[in-house]
Amino acid sequence: MEFSCIFSTKIQVLTHVLTHAFTVGMTRARQRLFLTHAKRRLWRGTVREMVPSPFLEDIEDRLLERRRTRLKPQARGEQLELL
């Protein structure tokens with residue numbers, strides 16, 4: 001298929017690239033894929049409410065298992081353990 005003229009914005013290209021990266025990342029999971037979302041995030045010294053990625057809307061509900069996890073508040077300066 002050929003087009004005589006095509007217009008694209010940087011936003012459209014970026015959205016396509018991000019969608020592709022998200023999809024490729026999802027297809028690499030062999031058995032399970034864990035997606036996480038922070039309700040709040042500290043950004044430049046202020047706590048901001050965060051919304052889930054719009055890419056998540058494309059995943060069928062029957063494929064999802066939703067869990068809520070509450071983390072214990074950490075004392076300031078306390079180092080987390082990796083394992």
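Residues in region 40-57 that are surrounded by 10 or more Cβ atoms within 10 Å (Cβ to Cβ) and within 14 Å of the chain's Cα centre (by Cα): ARG41, MET50, PRO52, SER53, PRO54, PHE55, LEU56.
Please verify whether PHE55 is part of a loop (DSSP other than H, G, I, E, B), among the hydrophobic types (A, V, I, L, M, F, W, C) and under 23 Å from LEU18 (Cα atoms), treating the condition exactly as stated. Steps first, answer last, please.
Working: part of a loop (DSSP other than H, G, I, E, B): no; among the hydrophobic types (A, V, I, L, M, F, W, C): yes; under 23 Å from LEU18 (Cα atoms): yes.
So PHE55 fails the test.
A quick yes/no check of all residues on (1) in contact with a helix residue (DSSP H, G or I) (Cβ under 7 Å, 6 or more places away or on another chain); (2) small (Gly, Ala, Ser); (3) at pLDDT 80 or above:
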{"position": "MET1", "(1), (2), (3)": "no, no, no"}
{"position": "ILE6", "(1), (2), (3)": "no, no, no"}
{"position": "THR19", "(1), (2), (3)": "yes, no, yes"}
{"position": "THR23", "(1), (2), (3)": "no, no, yes"}
{"position": "ARG30", "(1), (2), (3)": "no, no, yes"}
{"position": "ARG40", "(1), (2), (3)": "no, no, yes"}
{"position": "ARG44", "(1), (2), (3)": "no, no, yes"}
{"position": "VAL51", "(1), (2), (3)": "no, no, yes"}
{"position": "PRO73", "(1), (2), (3)": "no, no, no"}
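Could you tell me how many of the residues in region 26-51 are over 22 Å from PRO73 (Cα atoms) and either touching a strand residue (DSSP E or B) at 6+ places or on another chain (Cβ under 8 Å) or not in a helix (DSSP H, G or I) (or both)? Walk me through how you get there before you give the answer.
Here is the first cut: in region 26-51, the ones over 22 Å from PRO73 (Cα atoms) are 26-34.
When the remaining residues are screened for being either touching a strand residue (DSSP E or B) at 6+ places or on another chain (Cβ under 8 Å) or not in a helix (DSSP H, G or I) (or both), the result is 28-34.
Residues meeting the conditions: 7.
Taking region 8-17 as the range and being of a type in the set (S, T, N, Q) and at pLDDT 70 or above as the test, the residues that pass are GLN12, THR15.
Cβ separations smaller than 7 Å between residues 6+ apart or across chains give no pair from region 59-79 residues that are more than 21 Å from MET26 (Cβ to Cβ) to residues that are modelled with pLDDT under 80 and in a loop (DSSP other than H, G, I, E, B).
The values are calculated or read from the model by the stated rules, or taken from the named source; none is laboratory data. Because the structure is predicted, anything quoted here is derived from the model rather than measured. Cβ: placed from backbone, ideal geometry, glycine included. Neighbour counts: every protein chain shown.
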